[in-house]
Amino acid sequence: MAKIKEKNERYSIISAFLRGDFLTKLSFLIMGASNLFRGQIIKGLLFLFTELAYIYYLTSAGISALRGLRTLGTKEQSMVFDESQGIFVVQKGDNSMLMLLAGVVAIAVTMLFLVIWKANINAAYEAKNLKQQGKKLPTFAMDVASYFDKKLYRTLMSFPLIGILLFNILPLMFMILIGFTNFDHEHQPPGKLFTWVGLDNFKALLLTGEKIGKTFWGVLGWTLIWAVLATFLNYIGGILLALLINREGTKLKGFWRTIFVTSIAIPQFVSLLVIRIMLNDNGAMNSLLQDLGIISRDKFLPFLSDPTWARFTVVIVNLWIGIPYTMLIVTGILQNIPKELYESAKVDGANAFVTFIKITMPYVLFVTSPYLITQFIGNINNFNVIYFLTAGGPLSLDYYQAGKTDLLVTWLYRLTTGSVKDYSYASAIGIMVFILSATFSLISYRFTASYKREEDFQQ
Amino acid sequence: MSRYRRMSFNKFVRNVFAHILLFVLSVIWLFPVFWIVLTSFRGEKGSFVPYFWPKSFTINNYVQLFTDTQQFYYAKWFMNTLIVAVFSCLLSTLYVLGISYALSRMRFKMRKPFMNVALILGMFPGFMSMIAVYYILKGLNMTQSLLALILVYSAGAGLNFYIAKGFFDTIPKAIDEAAVIDGASRWKVFTKITIPLSRPIIIYTVLTSFLAPWTDYIFVSVIMGDNYDKYTIALGLYKMLEKEFITTWYNRFAAGAVIVSIPISILFIIMQRYYAEGASGAIKG
């Protein structure tokens, strides 16, 4: 009990301030003071240097960066007549994008500083307590050693966390903020400024009947249809294939399995690009069909060039990609179904179809329902299949910068890397995809429950 | 007697039918593989030929892929990808193992919040932040370099801890505690006990992170731009199929695809055992 209380106290800044002595209170202002004056020189100096570095950063760049965040620039780049040269020259204006980025960095640096500042308070208060109790303070070497023992998690997580912060969290914060600006093709820095517009992008996507709104609902609809079709057809196909290979009478089970695994072992971009070329209007598939006399010489099947055909084609080709994966996973599950269930069904005179519907499917469905939902989310974000096969095309005139097979994610990709760059809409679409994924994930976590009760599974 | 025979005859028919079906499916699944190998040995140039079976065979496509280096330098792309794959796989594995161990074995205040944040980050489309990553790299003056690729591929690795953590969770804690009582530090427990017990999950992590750079297209295309010398295989092969190159490079694309697919397929087949285990482990939590 006492231990818990002591621990709680350590983490409360207010109690540290109220109960701390003068040196502890000084540490609130001058970081490391408590450690420095109590003999933990290196630790104290490290805190002090952090504070000095942060203050230097604030005065040299940080404050103006934070201030710039509010307006995102006021001075637009313009042409000014240079009298001495007798020509118009470009006068540099504010770069909204760099200002936004600097602002996000400044916020991140400040948050990092606050974490260290808090650690400084803890260290100061701890040093005071130990001194009061007449105990010896840990030396710097002992502090370091504790980072390989009790505080090992800090050592193990520090480098990965820096990576995550720099290449995941920072960019994501930046991109999310862009969703609330008008950073589209008409407001591209350095030539033009962009600024905050609140929820306008989301309104344009969701509520207005403009072209972009129509595109959003159209693409969203297809994304959901695609995700449902791709997930369930692959799932059922994979189960049937696994059953076919694992049925009693099938010879050479390992051989058949290897054949299907080989097809997914090839890098996806290779197989998908190859299939794209094969399915071209004058590609191998049409040549083959002509050779076989199924279609006449001057005709072809528009596998990828007609909107409706293309939609069917991507679903079918996705079966080619996905069925072996499901087969691999379901095979393991099938081998775990208790044999007694089948035997008692046989005694009751059930035929193969009834056993499949009544025993196999419920069992497999029960075990794989979380997998099914992750697959569904995966398919909402299935970039590879669509991008490499059709690149979202065929393009449609009713759509804003999108094609008939575009998913939300491939549309997002086109808006950020294509010729017309609308980062603001791209970001808003990304946030919508997040909301979709989050909704379905929540459902899936209710299914598994293992996330909440993880301790139960540990031994 | 006759009833038995009829039953076994039915069974025989069903077996034959099943095998025929499997054979047809195998042909469908191997068809693109077969066709790309065929194309890589095709003697006639050109992307789209109005017939299926090649008129002549040659190995020149393979030779030229390595000798004709004026436009594209396939061997160099291969080396680039290998370098990126080796380093990012080393870093990623260290990151994943470190984070997974900390989350599985140690209890600290930021543990649950971190796991929740990781969960949320995972729900945003991965390349949504790509453009911002590009500008950050530009700020660090690192675009169009292999180092940037290594950093980008390994940086997020710490977020993929679920499978390895699930594995660590299954190692009995009693082993750790016994070692701690004997005076071992946490670091010793991690390196001398947990790591040696985790061979399957290490192999799985190493292979998945090694394979990623070979198949990624999105990030390389944004980071490398038009610097052909720094391309990786995936981006390079994609480039060969663009309108201005496809006529000359089409057969060599096929050859290049075959070459890169062989080692990747072998690694994947080694990994599939762990893949199935990992996926079912993820289901169990």
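Please give every one of the lysines within straight-line cross-link reach of A:Lys75, meaning a C-alpha to C-alpha distance under 16 Å, and leave out same-chain neighbours fewer than 8 residues apart.
A:Lys92, A:Lys192
Counting Lys and Arg as +1 and Asp and Glu as -1, what is the net charge of the other residues whose Cβ lies under 14 Å from the Cβ of B:Ile259?
Cβ neighbours under 14 Å give a net charge of +2.
Rank by packing, highest mean first: peptides A:198-209, B:245-256, B:193-204, with packing defined as the count of other Cβ atoms within 10 Å averaged across residues.
Answer by packing, highest mean first, reads B:245-256, B:193-204, A:198-209.
Show which lysines lie in cross-link reach of B:Lys55 when reach means a straight Cα distance below 16 angstrom and same-chain residues fewer than eight apart are skipped.
Within the straight-line cut-off, B:Lys55 pairs with B:Lys45.
Please give the net charge around B:Leu235, taking every other residue with its beta carbon less than 15 angstrom from that of B:Leu235, where Lys and Arg add +1 and Asp and Glu add -1.
Summing Lys and Arg as +1 and Asp and Glu as -1 gives -1.
Let me check the size of region A:2-187 from its C-alpha atoms; what are the radius of gyration and Dmax in Å?
23.1, 82
Once you order the gyration tensor axes a ≥ b ≥ c over the Cα atoms, which shape class does region A:89-219 get: rounded for a/c under 1.5, otherwise prolate or oblate by comparing a/b with b/c?
Judged from the Cα gyration tensor, region A:89-219 comes out prolate (a/c at least 1.5, a/b above b/c).
Take every Cα-Cα pair in region A:202-451 and report what % of them are more than 21 Å apart.
Of all Cα-Cα distances in region A:202-451, 66 percent exceed 21 Å.
Is the shape of region A:226-282 best called rounded, prolate or oblate, per the rule: a/c under 1.5 gives rounded, else a/b larger than b/c gives prolate, else oblate, with a ≥ b ≥ c the square roots of the Cα gyration tensor eigenvalues?
oblate
Given a Förster distance of 35 angstrom, what is the FRET efficiency for A:Met111 paired with A:Ser419, based on the Cβ-Cβ distance and rounded to 0.05?
0.40
Label A:Phe88 and B:Ile266 with points 7 Å out from Cα along Cα→Cβ: what is the distance between them in nm?
Calculated label separation equals 6.3 nm.
Considering every residue in A:271-281, what mean count of other chain Cβ atoms within 10 Å of its Cβ is obtained?
Average neighbour count from other chains, rounded to a whole number: 5.
Please work out how much length the chain gains when fully extended from B:Glu244 to B:Leu82, using 0.36 nm per residue of separation minus the C-alpha to C-alpha distance, in nm with one decimal.
Value of the extension gain: 55.6 nm.
As a check on your grasp of the helix formula, calculate [θ] at 222 nm for chain B: sum -39500 (n - 2.57) over DSSP H runs of n ≥ 4, divide by the residue count, round to the nearest 500.
Result for chain B, helices only: -23500 deg cm²/dmol.
List A:Asp291, A:Asp406 from most exposed to least, where exposure is judged by having the fewest other Cβ atoms within 10 Å.
A:Asp291, A:Asp406
When you look at the Cβ of every residue in A:238-249, what mean number of other chain Cβ atoms sits within 10 Å?
If you average over the peptide's residues, the count of other-chain Cβ atoms is 2.
Where Lys and Arg each count +1 and Asp and Glu each count -1, what net charge lies around A:Lys346 among other residues with Cβ under 11 Å from its Cβ?
Net charge around A:Lys346: -2.
In deg cm²/dmol and to the nearest 500, what is the mean residue ellipticity at 222 nm of chain A if only DSSP H runs of at least 4 residues count, each as -39500 (n - 2.57), divided by the residue total?
-21000 deg cm²/dmol
Sorting A:Glu210, B:Glu244 on the 10 Å Cβ count, fewest up front, what's the list?
Fewest-to-most Cβ neighbours within 10 Å comes out as B:Glu244, A:Glu210.
For the pair A:Leu233 and A:Leu252, how long in nm is the line joining their label points, each one 7 Å along Cα→Cβ?
Result for the modelled spin labels: 2.9 nm.
Can you return the lysines within cross-link range of B:Lys188? Criterion is Cα-Cα under 19 Å, with same-chain partners fewer than 8 residues away left out.
Cross-link targets: A:Lys150, A:Lys151, B:Lys165, B:Lys173.
Give the share of C-alpha pairs in each 10 angstrom bin for region B:62-284, from 0 to the last occupied bin, in whole percents, shortest bins first.
Histogram of Cα-Cα distances, whole percents per bin: 7, 27, 30, 21, 10, 4, 1.
Assuming a viscosity of 0.692 mPa s and a temperature of 37 °C, what translational diffusion coefficient in µm² per second does Stokes-Einstein assign to region A:52-97, Rh being the Kirkwood radius over Cα pairs?
256
List the equivalent ellipsoid semi-axes of region A:283-370 in whole Å, largest first, each obtained as the square root of 5λ for an eigenvalue λ of the Cα gyration tensor.
Each semi-axis is √(5λ); the values are 42, 16, 11 Å.
What does the average come to when, for each residue of peptide B:237-247, you count the partner chain Cβ atoms lying within 10 Å of its Cβ?
Average neighbour count from other chains, rounded to a whole number: 1.
So what are the radius of gyration and Dmax for the Cα set of region B:2-60, in Å?
20.2, 63
Could you work out the equivalent-ellipsoid semi-axes for region A:37-78, taking the square root of 5 times each eigenvalue of the Cα gyration tensor, largest first, in whole Å?
Semi-axes (√(5λ), whole Å): 37, 8, 5.
Sorting B:Met224, A:Met432 on the 10 Å Cβ count, fewest up front, what's the list?
A:Met432, B:Met224
Could you work out the percent of alpha carbon pairs in chain A separated by over 31 Å, rounded to a whole number?
Here the long-distance tail beyond 31 Å is 64 percent of all Cα pairs in chain A.
Read-outs throughout are calculated quantities, based only on the coordinates presented, and are distinct from any laboratory measurement. This structure is a prediction, so every number in the text was calculated from the model and none was measured. Ideal geometry is used to build each Cβ from the backbone, glycine not excepted, and the neighbour counts take in all protein chains shown.
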